[in-house]
Amino acid sequence: EAGVTQFPSHSVIEKGQTVTLRCDPISGHDNLYWYRRVMGKEIKFLLHFVKESKQDESGMPNNRFLAERTGGTYSTLKVQPAELEDSGVYFCASSQLGGLSGNTIYFGEGSWLTVV
Amino acid sequence: RKEVEQDPGPFNVPEGATVAFNCTYSNSASQSFFWYRQDCRKEPKLLMSVYSSGNEDGRFTAQLNRASQYISLLIRDSKLSDSATYLCVVDGTYKYIFGTGTRLKVLA
């Protein structure tokens, strides 16, 4: 069975440009999460989808970030316009259940974004 | 104060050694605790959940102390392949709160 897949794996863009990251969760997983790790910092939660609905987007840094999950399958995270501080690795994760107790969240390999 | 705090290390230990990592968390209402392992430039992978009574999985033992709000991970008989970053993870209501991770390097 395919795991969580993310595209692109690496992206280098100029400040002010737009980048769209895509995540395909494990088939049948209603819960999809986006996390981010910037250099030297811990992995931080961005948002959580249950199917196509945003359950929690409290971690989104600002309105330059837009996440969607149309149809409740794959998700996209768009950064527009990108700033230097957006550089880091963006992890997508999915799980079958919504709670954490007794549940396992599976991470994708991440999309490494560099803004120059 | 960070929600989850870990000593970043690195911990450099010889093969066969026993090494322990601690992690403290600030939210006393947290209910779920985990240790994840992350290899260089890879995604985090679940190593083990941490249960109140403590739990063991082969060479790995996890402990939880709710009164002091800390979690520990003990690795016995370290292998070269144990070299990685170990992430302490605590639930924050349907989302994970990560520590910065502790780097372990097992030396031949």
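The values are calculated or read from the model by the stated rules, or taken from the named source; none is laboratory data. Everything numeric in this text was worked out from a predicted model, so none of it was measured. A quick note on method: Cβ atoms are made from the backbone with ideal geometry, for glycine too, and the neighbour counts reach across all protein chains shown.
Some observations on this one:
- Flag if A:Phe65 is within 9 Å of another protein chain (Cβ to nearest Cβ), in contact with a strand residue (DSSP E or B) (Cβ under 8 Å, 6 or more places away or on another chain) and surrounded by 13 or more Cβ atoms within 10 Å (Cβ to Cβ): no
- Residue match in the stretch A:69-84 (condition: part of a loop (DSSP other than H, G, I, E, B), touching a residue at least 40 places away in the same chain (Cβ under 8 Å) and at positive phi): no
- Positions within the stretch B:38-63 being more than 12 Å from chain A (Cβ to nearest Cβ) and on the phi > 0 side of the Ramachandran plot, in sequence order: B:Gly54, B:Gly58
- Where strands (runs of 3 or more DSSP E) fall entirely within the stretch B:4-108, none has at least 3 residues that are more than 30 Å from A:Gln6 (Cα to Cα), among the charged types (D, E, K, R) and at pLDDT below 90.
- Search result, residues across the stretch B:13-43 that are crowded, with 19+ Cβ neighbours inside 10 Å and among the acidic types (Asp, Glu): B:Glu43
- Restricting the stretch B:83-105 to residues that are facing chain A (nearest Cβ under 8 Å) and farther than 19 Å from A:Ser95 by Cβ leaves a set whose member that is surrounded by the most Cβ atoms within 10 Å (Cβ to Cβ) is B:Gly99.
- Taking the criterion of being surrounded by fewer than 17 Cβ atoms within 10 Å (Cβ to Cβ) and in a loop (DSSP other than H, G, I, E, B), the residues of the stretch A:1-28 that qualify are A:Glu1, A:Ala2, A:Gly3, A:Pro8, A:Ser9, A:Glu14, A:Lys15, A:Gly16, A:Gln17, A:Thr18, A:Ser27, A:Gly28.
- Considering residues of the stretch A:50-62 that are of a type outside the set (A, V, I, L, M, F, W, C) and part of a strand (DSSP E or B) only, the residue surrounded by the most Cβ atoms within 10 Å (Cβ to Cβ): A:Asp56
- Search result, residues across the stretch B:73-82 that are surrounded by fewer than 18 Cβ atoms within 10 Å (Cβ to Cβ) and of a type outside the set (Asp, Glu): B:Leu74, B:Arg76, B:Lys79, B:Leu80, B:Ser81
- Any chance B:Leu46 is surrounded by fewer than 20 Cβ atoms within 10 Å (Cβ to Cβ) and closer than 23 Å to A:Asp56 by Cα: yes
- When the stretch A:71-110 is limited to residues that are more than 9 Å from chain B (Cβ to nearest Cβ), in contact with a Gly (Cβ under 7 Å, 6 or more places away or on another chain) and surrounded by fewer than 22 Cβ atoms within 10 Å (Cβ to Cβ), the one that is modelled with the lowest pLDDT turns out to be A:Gln96.
- Residue check for A:Ser75: among the polar types (S, T, N, Q), under 10 Å from the mean Cα position of the chain (by Cα) and within 17 Å of A:Ser9 (Cα to Cα): yes
- Any hit, the stretch B:15-29, residues being within 14 Å of chain A (Cβ to nearest Cβ) and farther than 28 Å from A:Met39 by Cβ: yes
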